[in-house]
Every structure is written in C-alpha cells, then in structure tokens.
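What follows is a single structure, written as structure tokens, with notes after it.
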Amino acid sequence: MRIGFFGGTFDPIHKGHIDVASAVLNAAGLDQLTFMPTGDPPHKVHRNVTPGALRLQMVQAAIGETGNPKFSVSDMEIQRNGYTYTIDTLRALHAQNPNQEYAWIIGADVLADLKHWKDYHQVFRLCSFIAMYRPGYSREDFLTEYEELTRLGAKIQFVEVPSVDISSTELRAACEAGQDLSGWVPKSVAALIGVYGLYQPDKPMDLAGIRQELQKRLSPHRYAHSMGVMEEAVRIGRRVGVPEGKCALAGLLHDAAREFTPAQYAWLGLSGENGALLHAKASEILAKSRYGIEDPEILEAIACHTTGKVGMGILAQILFVADYTEAGREGPHFDKVRAAFEQDGLMAAVLAECQMTIAHLEEQGKEICRDTLETRDWAQDRLGE
Ligand SMILES: [Fe+2]
Ligand SMILES: [Fe+2]
C-alpha cells in the first residue's frame, strides 16, 4: 500500500488544500492520502498557531465532509510535543508499519530545501517524494534540484496540481476583519471556526464581554440558568472565602457548550449518548479556547460540574453545588441541598447533592455515573473525619 503524507499547519484547512490533495491522490496513484497537521514547527514560532487539537478537528471535519474514504488524518506530529522533524515522524511510521510505502507530498519549490532537512540521507531511504507544481510550471523548471537530489538517493515524482488562490494566512486575516469564510473553507470548518471564535482580533474578554456573548449564544432559559449559577457561586464563594472573580467565571461558563449538537460534540472528539455528561468537558474546552480561561481551578470546576469528582478542589465544589442551588431551581431536593449547605457547610452540600442525584437517577432507572458514586463516598469520608 502506498500512502501519501500531506503535511501542513492547516490553520485553517481550506478548500484549496482539499482540491490539491484530491489531485495528488489521483495523479500519483496513491492508495491513501493522510493529512498530517504539524505539531510545533520551528519555522512558525513567531505566530501563535491554533492549538493542535483544534486544527486536527478542523481537518477531520473537512475530510469527513468530502466523503472520500482514501483521505485520513494522523495526529502523530500533534501528539508529539516540541519541534517535529520529518525524519522523526518517518521513523515512528516505520516502527509502526515497516512494510508500507510512504510518499511525502511537498511543493516543488521545497526541493531546493531538502538537503537541509535533518538527517536527509535517512529521509531519502524512508520515503519517496511527490513534488507538486502549479500550472504554468513544468518539471523542467526543477531539473537541477531533481538531478542533484536523485544523485543523493531521493526518489521524486512530479505532479501538477490546480492553482489555489487562497491561503490560510489570508483566511485568518479575512476572518479577523469579520468576513464570512464559508466560500473558502468546508462548511463544518466554518462552523468550528465560529464555535471556537478562532482568528478573532486579540481582545482579552472580560466578564461583561463573556456575558454578552453567552447571551447571544445560549437560549434565554440556559442563559438565565448560567446567570443564576454565577450569582449563586459568588454567594457561596463569599461564605467559604473564594475570590468572587473565579466563582463568577466558573458559574458563567459552566454550561457554555450545553446546547451543542451531537455533531458539535463529535468535532471536539467527544462522543457518547449522554449529552448531559459531554457538555461539561465541551464547556471546559470552550472556556479555554474561546474565552481564554487558563486558571486550572476554573477549568477543573467546569469539567466536573455535572458528576463531581473525587478530590475536587473548593471551586469545583462551589460550582457543583451552585449548579443545583441557584435561584431558578425549585423543588424539595434542591431545598435539601440548600439546607445542607446552611447547616453543615459546603462538603455536606456536595454529599447531599450526590445523594439526591443518585436517588433521582435510580428512580428513573437511568445509569449512574461512577464519578458521582465515588464523589458521594469521598464526601462521606471527608465529613466523617
Ligand atoms: Fe451543566
Ligand atoms: Fe448547569
């Protein structure tokens, strides 16, 4: 099997990439073409590159949209931290599967560079090259490089690809300027860019800015709940001595992804039937990527607000409880958790909430999350100490 590897930052992947990849796939007679988003390439250190996980999702979404079974994506370079050299990737690929034939897809203009690549002699042994050139050029234009590299042992195949009049750089600029990218990137990629708020002018978002945005993004009911949890988290935080700002952000953002569709969860690499559980993890990702939250306590609190978690920090306990006791919640089981907090403190409220949730799920014959059972036992232990 002959697999072509198409490396790139893909920040973002656009229709031009897809057109070029399709052309190479056909012209070079590949069995498979694997997109390989770069991890942290040395030549891009001056610009903030979108986190690898998000670039990977955009590529996944884009190739999914083509429906071409010969396209795939590899996270090998993204998974590897630090700088990645082609030789390292090739060695890893060969270690995984030494019998595969690997073809590295490059622009023909890169040929002149190849003998500066790290350990290029070995690179030449481990893969062949597909050199792409645009209409208006021909393989003769690269003859000098071709002859020299062939002498050094490189195997090079030339392929003409359609010219592409878009670049990721231009797309980022267009997006920053508020233009709609949907003509230039696959639909699912445009949606992801919107969801994550990628390529926006740098403006740190404050609480007011986040509120404004969530009001637009969430249904009135969900927004009201988020505001309620924010106020309740701040109230509890004051009582137990946790700074207001942290409580407010955690409360405001805890359900930021609560209204995602299954497709949106899938884009985040989250799957499963239980949207009620997925949204906590998704909201954490959103808090990080869209709202720039870096505080690990806030992120932890959002990630475990639905189920609880053994050993969760005090902010996570506050959010867990506030989600349950905010003013909009009416009913005897919510009152029990409120009473537990007033009488015996935060941990007692955590315990009461786990018990209520478990009883409620049992009643409905629904599966009970292990985290919740374990959190109940943990809270019980802590209160008994
Ligand atoms: Fe939630
Ligand atoms: Fe909530």
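The values are calculated or read from the model by the stated rules, or taken from the named source; none is laboratory data. As the structure is a computational prediction, the values presented were derived from the model and not from experiment. A quick note on method: Cβ atoms are made from the backbone with ideal geometry, for glycine too, and the neighbour counts reach across all protein chains shown. Please note that ligands, DNA and RNA were not included when accessible areas were found on the heavy atoms of the full protein model with its side chains. Shrake-Rupley method; radii C 1.70, N 1.55, O 1.52, S 1.80 Å.
By how many nm would the segment from Arg91 to Gln364 grow when fully extended, if each residue of separation counts as 0.36 nm and the alpha-carbon distance is taken off?
Length gained, Arg91 through Gln364: 93.0 nm.
Would you mind putting 224-236, 138-150 in packing order, based on average other-beta-carbon counts within 10 Å, highest first?
224-236, 138-150
Based on DSSP, what percent of beta bridges with both residues in the chain are antiparallel, to the nearest 5?
If we restrict to bridges inside the chain, about 0 percent are antiparallel.
Which whole-number value in Å² is the accessible area per residue of the stretch 2-167, probe 1.4 Å?
Value returned for the stretch 2-167: 47 Å² of accessible area per residue.
Which one, Pro186, Ala339, Tyr102, projects farthest toward the positive side of the charge dipole computed for the chain from Cβ point charges (K/R +1, D/E -1)?
Towards the positive end, the residue furthest out is Tyr102.
Between the alpha-carbon centers of the stretch 116-145 and the stretch 47-98, tell me the distance in whole angstrom.
21 Å
Name the residues whose placed amide hydrogens come within less than 5 Å of the amide hydrogen of Tyr137, ignoring near sequence neighbours (fewer than 5 apart) on the same chain.
none
Order the peptides 362-369, 188-195 from the highest to the lowest mean number of other Cβ atoms within 10 Å of their residues.
Those peptides, ordered most packed to least, come out 188-195, 362-369.
Round to a whole number: what % of the accessible area of the chain belongs to carbon and sulfur, probe 1.4 Å?
49 percent
For every other residue with a beta carbon closer than 15 angstrom to the beta carbon of Gly107, add +1 if it is Lys or Arg and -1 if Asp or Glu, then tell me the sum.
Every neighbour counted, the sum reads -4.
Can you give the convex hull volume of the alpha carbon atoms of the chain per residue, in Å³?
Per residue, the Cα convex hull of the chain comes to 169 Å³.
Net charge around Cys127, counting only other residues with Cβ within less than 14 Å of its Cβ (Lys, Arg = +1; Asp, Glu = -1)?
+2
Would you kindly find the accessible area of Arg134, with a 1.4 Å probe and non-protein molecules such as ligands, DNA and RNA excluded, rounding to the nearest 10 Å²?
Looks like 100 Å² after rounding.
How much accessible area per residue does the stretch 207-384 have, in Å², with a 1.4 Å probe?
47 Å²
So who's got an amide H within less than 5 Å of the one on Glu160, skipping anything under 5 residues away but keeping other chains? H placed 1.01 Å off N, in plane.
Hits under the 5 Å cutoff: Tyr133.
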